[in-house]
Amino acid sequence: MSGLRTTSSYFRGSKVKAWVLKEASGQCECCGSDAPFITAEGEPFLEVHHLRRLADNGSVTITNAVALCPNCHREFHYGENKKVLVAKMYESVGRLRRE
């Protein structure tokens with residue numbers, strides 16, 4: 001059968017996401033900027049990023065997740081310096097643990 005695709009989905013951990021976002025207090029944990037806007041629910045908008053990808057057996061824990069503004073989040077995925085950014089996170093965010 002041509003055109004048939006297989007995809008994987010990963011449990012994202014809503015409690016982990018909520019904790020990381022609360023801990024960030026509305027500021028990007030990479031660049032320190034305030035969240036770019038407030039959501040309809042009244043919360044600062046930040047995105048949670050797993051430093052070791054779930055597809056690479058990264059854990060769904062607070063020791064593997066950071067809150068990022070949309071610009072930093074895109075840079076973590078597509079930027080030429082993404083490895084430098086990951087190293088910066090491990091140095092600056094005390095709860096993180098390399099996996």
Note to self: Residue pairs, Cβ under 7 Å, 6 or more apart or interchain, first in the range 61-74 and without any contact (Cβ under 8 Å) to a residue 60 or more places away in the chain, second of a type in the set (A, V, I, L, M) and in a strand (DSSP E or B). List them.
What the structure shows: Ala65/Val48; Ala67/Val48
Next item on the list: Would you tally the residues in the range 13-35 being in contact (Cβ under 8 Å) with a residue 24 or more places away in the chain, over 21 Å from Asn81 (Cβ atoms) and not aliphatic (A, V, I, L, M)?
Entry: 4
Check: Does Val60 satisfy the criteria of being modelled with pLDDT under 95, within 14 Å of the chain's Cα centre (by Cα) and surrounded by 15 or more Cβ atoms within 10 Å (Cβ to Cβ)?
Finding: yes
Notebook entry, point to check: Out of (1) surrounded by 13 or more Cβ atoms within 10 Å (Cβ to Cβ); (2) of a type in the set (A, V, I, L, M); (3) in a loop (DSSP other than H, G, I, E, B), what's the single condition that is false for Ala67?
Noted result: (3)
Item checked: Single residue of Ala55, Ala67 found to be at pLDDT 95 or above and out of contact with any Phe, Trp or Tyr (no Cβ under 7 Å at 6 or more places or on another chain) -> Ala67
Notebook entry, point to check: Pairs, please: C-beta under 9 Å, at least 6 apart or cross-chain, first residue part of a helix (DSSP H, G or I) and in the range 78-99, second among the charged types (D, E, K, R) and surrounded by 11 or more Cβ atoms within 10 Å (Cβ to Cβ)?
Noted result: Lys82/Glu75; Leu85/Glu75; Val86/Arg52; Met89/Glu29; Tyr90/Arg97; Ser92/Glu29
Next item on the list: Quickly run through the range 46-73 and pick out the residues that are out of contact with any strand residue (DSSP E or B) (no Cβ under 7 Å at 6 or more places or on another chain) and under 21 Å from Ser33 (Cα atoms).
Entry: Ile62, Cys69, Asn71, Cys72
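The values are calculated or read from the model by the stated rules, or taken from the named source; none is laboratory data. Nothing here was measured: the structure is a model prediction, and the numbers come from that model. Methodologically, a virtual Cβ is constructed for each residue, glycine included, from the backbone with ideal geometry; neighbour enumeration extends over all protein chains shown.
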